[in-house]
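*Asks:* Let me begin by handing over the structure; questions about it come next.
Computed from the coordinates by the stated procedures, all read-outs in this text should not be read as laboratory data. Note that the structure is a prediction, hence the values are computed from the model and not measured. In this analysis, Cβ positions are derived from the backbone assuming ideal geometry, glycine residues included, and neighbour counts consider all displayed protein chains.
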Amino acid sequence: MNDLTNPVEVLGIDAGGTMTDTFFVRADGTFVVGKAQSDVDEANAVLTSSVDALAHWDTTPEEVFPQMVTCVFSGTAMLNRVVGRKGLRTGLIVSKGFEDFHRMGRAIQCYLGYAFEDRLHLNTHRYDEPLAHIHDTRGVTERVDSKGGVVIPVRLHEAREAARELVEQGCKAIVISFLSSYLNGTHERAVRDVCLEVIKEMGSNIPVFASVDYYPVRKETHRTNTTLLEAYAAEPSRKILANLSQRMKDVGAKYDVRVMASHGGTISWKAKELARTLVSGPIGGVMGSRYLAEQLGYENVACSDIGGTSFDMALIVKGKVSMHQDGDCARLVLSLPLVSMDTIGAGAGSFVRIDPYSNSLKLGPDSAGYRVGTCWPAGGVDTVSVTDCHIILGYLNPDNFLGGILELDVPRAKQCVKEQIADPLGMSLEDAAAGVIELLDLSLRQHLRAMISAKGYSPSDFVCFSYGGGGPVHAYGYTMGLGFKETIVPAWAAGFSAFGCATADFEYRYDKSTDIGITKDSTTAEKQEAVNTLGACWKELADKVMEEFKINGFTEDDVTLTPGYRMQYLGQLNDLEMSSPLSDIGSPEDWDKLVATFDETYGRVYADAARSPELGFGVTAAIMRGSVETKKPSIPSEPDAGPNPPAEAVIGERPFYYGRKWVTAKLYKMETLLPGNRITGPAVIESDATTYVIPTGFETWLDGHRLFHLIEV
Ligand code: AMP
């Protein structure tokens with residue numbers, strides 16, 4: 001029933017490749033999670049998932065949507081469109097003579113995402129299809145030098161010809177990206193205007209994107225890829241989101257849908273730069289972890305998310321997530337600020353094979369996707385997956401997969417694991433399946449440890465959050481022996497990314513490359529000039545931020561602007577991103593304050609002894625973030641009910657294979673457990689979309705915020 005004294009206020013959506021999760025939160029922090037099979041029409045899946053979630057409260061979208069205040073969407077459709085090269089046909093105009101640089105991919109795209117051993121071997125390198133075909137690429141004579149000066153004026157008659165040909169050839173969008181345009185955008189803008197004129201003359205209305213208007217940053221391959229994504233992948237998403245927004249309005253919604261962006265904030269679906277939402281779901285999980293950490297006082301958190309296809313890890317240090325300025329995604333180098341995450345292609349649905357050369361087990365990198373494994377009732381998957389092994393060993397309940405809407409084929413899974421794994425290795429069925437689980441746990445554990453130590457930390461500095469449908473299944477296995485302060489499994493692990501999206505700020509972030517350098521011999525006048533240049537960039541970016549907020553009806557008074565910058569010791573390759581200690585700058589002394597903040601951060605990130613102020617300091621980018629207040633979910637807070645689970649939480653027993661023997665695991669229903677309840681392994685706590693495994697030697701208890709704490713005893 002819809003309770004108007006405790007209204008439903010927040011909706012987070014995670015539209016994954018296989019499942020669309022919805023996460024609804026009431027004013028008092030109570031929540032429900034809904035699941036539905038993803039659909040080409042994302043609006044259908046969101047509405048079906050919403051019906052599923054709200055049924056737990058005996059209500060419907062029609063009753064609830066009109067009173068809601070916030071809705072945040074994340075999805076994989078845009079990314080899938082790029083990976084599958086199914087985007088909008090886009091024409092590309094570049095500086096004449098440089099028509100091939102896009103498909104050359106800076107020579108590194110051909111091995112991006114490869115394991116180290118494959119990077120070393122040229123014969124494994126492969127070039128993906130470029131986003132804009134060479135036949136849809138045109139060169140226009142022009143040249144701006146590396147200081148922004150015009151060396152060759154732009155030949156607009158060539159631009160006119162290029163635009164006409166691209167439209168005639170059937171391109172549905174045009175992107176313009178010239179060398180050094182981030183220093184001087186006049187040529188790109190002139191060509192943009194010519195293209196728009198030609199398009200109009202030809203009776204067409206396709207969009208035109210000049211890279212300087214979107215991503216005024218150095219590195220032309222990164223900039224061109226990112227601007228191309230705006231046309232190729234984001235334009236179709238804009239239509240899908242418009243449809244989703246409309247369908248929700250039809251059911252009475254009054255909120256404006258926001259989308260999770262790769263920088264960790266959310267932006268309106270109407271935003272000009274929608275390619276920034278290319279990676280959204282996994283970022284939601286990190287933002288959710290940050291929010292929980294902030295609310296509950298955890299300073300350092302290792303985030304770990306296992307879904308069907310991948311394991312995503314990120315670190316929160318002293319409450320902050322770190323950012324990549326030009327990370328890569330989908331084997332493309334990009335200019336998008338990206339929350340730093342490490343991903344490996346090993347998940348709960350990964351395929352398992354025997355390597356014919358070493359006769360040993362090999363996991364992934366491909367996975368069974370939505371058909372989970374050979375146990376999929378309708379068949380169609382012939383290779384064994386990790387999920388098949390979970391079922392054989394009693395980790396997962398085949399009658400409760402997605403709440404029991406699917407009846408998994410256990411005999412077939414057993415037969416396939418026997419034939420493909422157990423018999424060739426000369427092992428029993430259960431030992432072979434247990435070997436697969438141990439291998440996955442070991443691999444995840446090693447990656448987690450490597451990611452943490454590569455950044456100079458130890459697991460003992462961190463609390464580990466484990467989520468995603470598969471996180472609770474493996475939390476014990478991949479944290480065992482690492483020495484985390486604690487391992488925490490939220491009771492809403494399966495919908496955690498959707499929850500995280502709802503916790504993120506409504507925030508735009510824009511970046512601009514700068515070439516500011518000050519050495520110890522620089523004069524006060526030079527420092528003044530540096531401050532003036534950075535201040536002007538901040539002003540330009542702040543105007544861009546305000547332009548976006550105005551689309552949603554916000555004024556200057558509603559928006560909090562936070563300037564930032566990237567700084568480096570002059571001559572070093574890496575820079576660091578920082579929030580500015582000053583909201584505005586104007587004097588040479590302000591420069592010293594920016595430098596002091598960087599110097600202190602550098603010492604913290606690396607080591608005090610590594611600081612090198614004698615080299616001087618350079619600002620490589622100006623950053624501006626603008627945010628407005630939004631309604632966020634409150635964290636549940638429930639009273640302690642003592643250590644013994646209530647009778648209705650105990651749902652039975654089943655055989656469970658662990659430590660090379662069959663034992664009897666007690667089964668519990670996750671939703672009916674109460675704060676304070678303590679459960680000792682072997683036990684399995686079941687929910688409709690996730691399963692929390694507590695083997696012998698482990699114990700768990702539920703706190704008042706519905707977070708399970710996993711303890712090695
Ligand atoms: P996600 O991609 O985050 O939805 O996670 C999907 C994974 O959750 C599956 O591959 C399963 O291994 C795991 N899982 C655990 N319990 C369940 C359950 N009851 N129903 C569906 N998936 C489950």
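*Asks:* By the gyration tensor of its Cα atoms, with a ≥ b ≥ c the square roots of the eigenvalues, what is the shape of the chain: rounded for a/c under 1.5, prolate for a/b over b/c, or oblate?
*Replies:* The shape class here is prolate.
*Asks:* Moving on to the next point. Sorted by packing (mean other beta-carbon atoms within 10 Å per residue), highest first, where do 177-188, 61-72, 400-411 land?
*Replies:* Most protected by this proxy first, the peptides run 177-188, 61-72, 400-411.
*Asks:* Hey, rough spin-label estimate for residue 539 and residue 638, points 7 angstrom out along Cα→Cβ, what's it come to in nanometres?
*Replies:* Between residue 539 and residue 638, the simple spin-label model gives 5.6 nm.
*Asks:* Calculate how many DSSP beta bridges within the chain are antiparallel, expressed in % of all such bridges and rounded to the nearest 5.
*Replies:* 75
*Asks:* Of 455/512; 318/455; 96/147; 485/661; 172/239, which ones are farther than 22 Å apart at the Cα?
*Replies:* 455/512; 485/661
*Asks:* Under 12 Å from a point placed 7 Å out from the Cα of residue 359 along the Cα-to-Cβ direction: which residues of region 422-443 have their backbone N that close?
*Replies:* Label zone hits: 424-427.
*Asks:* Using +1 at the C-beta of Lys and Arg and -1 at the C-beta of Asp and Glu, which of 642, 90, 469 has the Cα lying farthest in the positive direction of the dipole of the chain?
*Replies:* Of 642, 90, 469, it is 90.
*Asks:* Check the straight Cα-Cα distances from residue 669 and name the lysines below 23 Å, setting aside those fewer than 8 residues away within the same chain.
*Replies:* Cross-link targets: 35.
*Asks:* Next up: Using 0.36 nm per residue of separation minus the Cα-Cα distance, give me the extension gain between residue 405 and residue 614 in nm, one decimal.
*Replies:* Details: separation 209, 0.36 × 209 = 75.24 nm, distance 6.53 nm.
Roughly 68.7 nm would be gained on extension.
*Asks:* Taking a ≥ b ≥ c as the square roots of the Cα gyration tensor eigenvalues, with a/c under 1.5 meaning rounded and otherwise prolate when a/b beats b/c, else oblate, which class fits region 483-588?
*Replies:* Judged from the Cα gyration tensor, region 483-588 comes out oblate (a/c at least 1.5, b/c at or above a/b).
*Asks:* Right, next: To the nearest µm²/s, what D does Stokes-Einstein give for region 2-102 at 20 °C and 1.002 mPa s, using the Kirkwood radius over alpha carbon pairs as Rh?
*Replies:* Calculated translational D: 138 µm²/s.
*Asks:* Which of rounded, prolate or oblate describes region 124-218 when judged by the alpha-carbon gyration tensor and an a/c cut-off of 1.5?
*Replies:* Taking the square roots of the gyration eigenvalues as a ≥ b ≥ c, region 124-218 is oblate.
*Asks:* Arrange the peptides 213-223, 460-470 so that the one whose residues have, on average, the most other Cβ atoms within 10 Å appears first.
*Replies:* Highest-to-lowest ranking by the protection proxy: 460-470, 213-223.
*Asks:* When you count, for each residue, the other Cβ atoms within 10 Å and take the mean per peptide, how do 437-444, 497-504, 11-18, 268-275 rank with the highest first?
*Replies:* 497-504, 11-18, 268-275, 437-444
*Asks:* Counting only helical runs of four or more DSSP H residues, what would the 222 nm mean residue ellipticity of the chain come to if each run contributes -39,500 (n - 2.57) and the total is spread over all its residues?
*Replies:* -9000 deg cm²/dmol
*Asks:* To continue, here is another question. What length, rounded to one decimal in nm, is gained on full extension from residue 560 through to residue 318, with 0.36 nm per residue of separation minus their alpha-carbon distance? Display every interim value, and only then the final one.
*Replies:* Values: separation 242, 0.36 × 242 = 87.12 nm, distance 2.23 nm.
Working it through step by step, the gained length comes to 84.9 nm.
*Asks:* Turning to a different aspect of this structure: In region 162-275, what is the volume of the convex hull around the alpha carbon atoms, normalised per residue and reported in Å³?
*Replies:* Once divided by residue count, the hull of region 162-275 is 120 Å³.
*Asks:* Assign unit charges at the C-beta atoms only (+1 for Lys and Arg, -1 for Asp and Glu), then state the dipole size of the chain relative to its Cα centre in Debye, rounded to the nearest 20.
*Replies:* Dipole about the Cα centre, nearest 20: 1120 debye.
*Asks:* Also, quick follow-up: Might you report the magnitude of the Cβ-based charge dipole of region 585-713 about its Cα centre, with Lys and Arg at +1 and Asp and Glu at -1, to the nearest 20 debye?
*Replies:* In total the dipole reaches around 640 debye.
*Asks:* Quote the FRET efficiency, to the nearest 0.05, computed for residue 125 versus residue 366 with a Förster distance R0 of 22 Å and r equal to the Cβ-Cβ distance.
*Replies:* My answer for the efficiency is 0.70.
*Asks:* Subtracting the Cα-Cα distance from 0.36 nm times the residue separation, let me have the gained length for residue 529 to residue 419 in nm, one decimal.
*Replies:* Between residue 529 and residue 419, full extension yields an extra 32.4 nm.
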